[in-house]
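Chemist: For reference, the structure I am asking about is given below.
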Amino acid sequence: MTEEQLIEQARQGDQGAFERLIQPYDERIMALIMSFVRNRNDAQDVYQEVFLRVWMNLPRFRAESSFFTWLYRIAVNRCLSLCEQRGRRDKLHAQPREDSEEDGDWLDRVTGGQDDRQEREREEKLERIWEQASGLNPRQQLVINLRYRHGMKLKEIAEILEIPEGTVKILTFRAVRKIRQQLEEAAS
């Protein structure tokens, strides 16, 4: 059955179709939420809220974007709302400008590895990187998570966040630069 058919059946109240529709995105949504909440019980509550909102708003889904993008947008908005409720909402108004992409390339290089020893080093580096990423503002955390944990392209992130692709580049650049600086300061 196609995604469109599952959407239509779910709109008609078929819970089985809804479960089949969201199943491919289940773990990815939980991983996104966990990257913000970091507490399994709270994450499960947010997860339930997200899918309840998807279920309730499915009749209004207009397919102007893919179901995946729409679903992620709901999850992202809920995560950002949670940050706002906790008083940590980012007030950033990034304007796209030309910046070096060297820092983004740096993150890709740092996370590379070949043999077991390199793999262990890579895991240790990643752990330090994600530890530093937890100190970023919520929008930067979100962009870094979507880009590097979920492997999304800049265009997909822009669609989900409903911001220009250039703004996504700036957020990514600044987040990576900040992580890199913090790691260098910790090493010295």
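Chemist: Restricting attention to the stretch 131-154, report how many residues are crowded, with 21+ Cβ neighbours inside 10 Å and farther than 20 Å from R28 by Cα.
Modeler: The total comes to 1.
Chemist: Are there any pairs, at least 6 apart or on different chains, whose C-beta atoms fall under 7 Å, with the first in the stretch 126-142 and without any contact (Cβ under 8 Å) to a residue 12 or more places away in the chain and the second buried (at least 16 other Cβ atoms within 10 Å of the Cβ), and if so, which?
Modeler: If the second residue must be buried (at least 16 other Cβ atoms within 10 Å of the Cβ), no pairs are left.
Chemist: Further question on the same structure: Mind telling me which of the residues L107, L82 ends up being aliphatic (A, V, I, L, M) and either closer than 25 Å to I22 by Cβ or at pLDDT 90 or above (or both)? Outline the logic, then answer.
Modeler: Working: L107 fails: either closer than 25 Å to I22 by Cβ or at pLDDT 90 or above (or both).
Being aliphatic (A, V, I, L, M) and either closer than 25 Å to I22 by Cβ or at pLDDT 90 or above (or both) holds for just one of L107, L82, which is L82.
Chemist: Can you tell me which residues in the stretch 8-27 are surrounded by fewer than 17 Cβ atoms within 10 Å (Cβ to Cβ) and in contact (Cβ under 8 Å) with a residue 40 or more places away in the chain?
Modeler: R11
Chemist: Also, quick follow-up: Among F67, F61, which is in contact (Cβ under 8 Å) with a residue 60 or more places away in the chain, aromatic (F, W, Y), assigned by TED's automatic domain parsing to the domain that holds E8 and farther than 18 Å from I163 by Cβ?
Modeler: It is F67.
Chemist: Give the residues of the stretch 155-182 that are aliphatic (A, V, I, L, M) and either surrounded by fewer than 18 Cβ atoms within 10 Å (Cβ to Cβ) or in the same structural domain as Y25 (by TED's automatic domain parsing) (or both), sorted by residue number.
Modeler: Step one: of the stretch 155-182, the residues aliphatic (A, V, I, L, M) are 157-158, 160-161, 163, 168, 170-171, 175-176, 179.
The answer is I163, and nothing else.
Chemist: Please pick out the residue among N137, N57, N77 that is more than 20 Å from the chain's Cα centre (by Cα) and at pLDDT 80 or above.
Modeler: Values: N137 fails: more than 20 Å from the chain's Cα centre (by Cα); N77 fails: more than 20 Å from the chain's Cα centre (by Cα).
None of the others qualify; the one that does is N57.
Chemist: How many of the residues in the stretch 124-156 are touching a Cys at 6+ places or on another chain (Cβ under 9 Å) and not in a helix (DSSP H, G or I)?
Modeler: Total meeting the criteria: 1.
The values are calculated or read from the model by the stated rules, or taken from the named source; none is laboratory data. Everything numeric here is computed off the predicted structure, so don't read it as measured data. All Cβ positions, even for glycine, are placed from backbone atoms using ideal geometry, and neighbour counts span all protein chains on display.
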